[in-house]
1. Quick check: is even one residue across segment A:359-375 more than 26 Å from residue A:92 (Cα to Cα) and surrounded by fewer than 19 Cβ atoms within 10 Å (Cβ to Cβ)?
2. So which residues in segment B:136-148 are without any contact (Cβ under 8 Å) to a residue 60 or more places away in the chain, under 26 Å from residue B:58 (Cα atoms) and crowded, with 17+ Cβ neighbours inside 10 Å, if there are any at all?
3. Looking only at segment A:261-293, how many residues end up being within 14 Å of chain B (Cβ to nearest Cβ) and closer than 30 Å to residue A:364 by Cβ?
4. Can you say whether residue B:39 is crowded, with 24+ Cβ neighbours inside 10 Å, modelled with pLDDT of 90 or more and touching a strand residue (DSSP E or B) at 6+ places or on another chain (Cβ under 8 Å), as far as the supplied structure shows?
5. Taking the residues in segment B:170-189 that are surrounded by fewer than 19 Cβ atoms within 10 Å (Cβ to Cβ) and closer than 20 Å to residue B:124 by Cα as candidates, determine which candidate is nearest to the other protein chains (Cβ to nearest Cβ).
6. Given the options A:62, A:57, name the one that is on the phi > 0 side of the Ramachandran plot, within 13 Å of another protein chain (Cβ to nearest Cβ) and in contact with a helix residue (DSSP H, G or I) (Cβ under 6 Å, 6 or more places away or on another chain).
7. In this structure, does residue A:92 turn out to be touching a helix residue (DSSP H, G or I) at 6+ places or on another chain (Cβ under 6 Å), facing chain B (nearest Cβ under 10 Å) and closer than 19 Å to residue A:243 by Cβ?
8. With respect to residue B:27, is the statement that it is away from every other protein chain (no Cβ under 14 Å) and under 19 Å from residue B:228 (Cβ atoms) true?
C-alpha cells in the first residue's frame, strides 16, 4: 500500500514521536500545555511543510505523507497533531490561493516552524452556519477595516498568521459575499481573547479572537474580493477533514495497540485476558474500525494527490475515523475494566481527544449531508 | 585532501521483536522470517560520529554493510541520515559467516571501495554482541584501532585524539590515521531522518557488490571461512519479562503496585505512612 520512502518516513516520524512526544504527552494533557517549542523540530523533520513545494520551504511530497505524519503524531498526542493540522489549514489556504508574494512572505517560515498559523472561520453563531457569519470587512480609503469575533479557533493564542473570513458585501440574491484576509500577529485591534478549557485535545490551544477596526493593506487580501467562501470551504474539506481523518486514525491505532497490550498482560482466572472470547470480539472490532478508517483516509489522500475529486472521500474518511475512534476508545475502556479509567493509562485521554476532535472540520451529521449529496448526484 | 570516512553498519532483527525470534535447530542460525530488520542501534552512533566529524573537518562518508539484498533498505536509511555513499556486499557465498569471515569480507569491501582514512564501527551488534568485528577488521586492514570511543577529534598534525571509556577510567589516546574507531553507544544521539533527507537518499549512490566483483578468497568467506561452529543450542524460557520502571521512587512504587495487581497479585497494598 505504501512506497518504500513512505514506510521509511513513517518509521522516522515514529522514532521522533516516541522519543520527543510520547514521554511528555500525559503531562501536556494534564497541564493543558501546547508544546510550541517543538515547532522548529517539527519543521526540521518536514512534518509541517510535507505537501508544500520545495521552493516555498516545504518537502514537496503529498497528502499521503502528510497523513502519515499526522497519524504518527496523534498516536501519542492528538492535541499536538491538531495543532499542526490547524497550522496547515492556514498554510494550505496560502499555498492554494495566495499570490506569489504572499507565498514567499509566509510559507518558508511556516514550513520551518518559525511561525504558526491559524484559520479563523467559526463564529459564536456556529461553524456549520458558515454563510451566516457576521464579521465584516469594509474598504475605506484603500485600506480594509475588519471587525468581528471568531471562536473555537485552534492556535488562537499562538498564531503569528491568522487567516480570517469576513463578509465584504452582498450578491444580487442578497446572500453574503465572503473574502479572506491574512492578519499578522500584533496588528492593532487583532486580539486573542479567552482560552477555552477543554475536555480533550488539551495539548492544543483553542480560543476566541476578535478584530476591532483592524486596518489591513490590500496585499493582505487572499485571492481577491469575494473568494472567501471558496477558500474556506475547500480548505476545510480537503485540508481540514483530511487532517482530522489522519489524526483519528492515529487515535484508533492507539486504542488497538493499547487493547492488545493490556489483554496480553492482564491475567484473569489464571489466564491472559485475551483468552476470553468477548475480549477477542472487542479487539476484532477495534481492528475493523482502525483498518476501515485507515483505508478510507489514505484512499482519499491518494485521490487528493492525484488531483481527483476528494470532498466526499474525505467526508467518508473523517466520519468513519472520528466515530470509530470514539467507539474504539470506549470499547477499550470497557475491556480494561477499572484500569481503563485510571489516568496512568492513556486510553481515557484517547476517548476525550476523540470526542473533542469529532466536531472539527464538520460534525458527523454535516459529513452525512455531504456524503448523501454526492451519492444522490450519481 | 578530502578525508575518506567509512562506517560499517549491520542489518539486525529489530530488538522489539526478539520474543518472536526462533533458532533453526539444524543450521543453528536465527530464523528472521517476519521480523523487521533495522540498522544495529550501536552502528547509528558510529554513523552520527562520522557525520559530526565530517561537519567539522569535511570529507566523504561511505557506509558499508555485508548482508542479503533486502538490506538495501538499511543502506538507504543510512544515506537518509546523511551518508554520501553506500556499499552493500551481498552474495550467497558470504552467508553463514562468523565474525572472522565477516571481518575479512568487510576488509575486502573497504579495500575495493577506496583508501579510507578513518573506519568507524559500533562497539557491538544488537544480535551477536561479540564485539569481535572491530578489532578483527582493523587487523585485516592493518590499521591501529580503539574500542569504546566516547569522543575524538582531528589534530593539526593530522593525528586523532580520542577519549576511550573504560570500566573505571577514561583513557586519552593519540592515534595515527588510517585508524579504526569503535564508537560507544553513549558518544552521541543519532540524528533523525527527515522527510527531505529520505527523498534525497534515493538519489545517492548505492553500490551492490557480489564476490564476482569483490574477488575475495572463497576459503575465507561465508561458512568456508568461519572456524566458529555453534554446539547445542537451547532456547531459554522467556516467561519472565524484565521491565525497567522510570520516575521518582514514589512513582515507581505506584507503577509496580499497579503492574502486580494487573498480573493477578491479590494482596499487594501500599504501606500507610505512620502519623
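1. For segment A:359-375, residues more than 26 Å from residue A:92 (Cα to Cα) and surrounded by fewer than 19 Cβ atoms within 10 Å (Cβ to Cβ): present.
2. Within segment B:136-148, B:138, B:141, B:143, B:145, B:146, B:147, B:148 meet the criteria.
3. Total satisfying the criteria: 3.
4. yes
5. Across segment B:170-189, the extreme among qualifying residues is B:189.
6. A:57
7. Answer is no for this residue.
8. Considered against the rule, which asks whether it is away from every other protein chain (no Cβ under 14 Å) and under 19 Å from residue B:228 (Cβ atoms), residue B:27 comes out as yes.
The values are calculated or read from the model by the stated rules, or taken from the named source; none is laboratory data. Since the model is a prediction, treat every value here as computed from it, not as a measurement. Here Cβ is always computed from backbone atoms with ideal geometry, including for glycine, and neighbour counts include all displayed protein chains.
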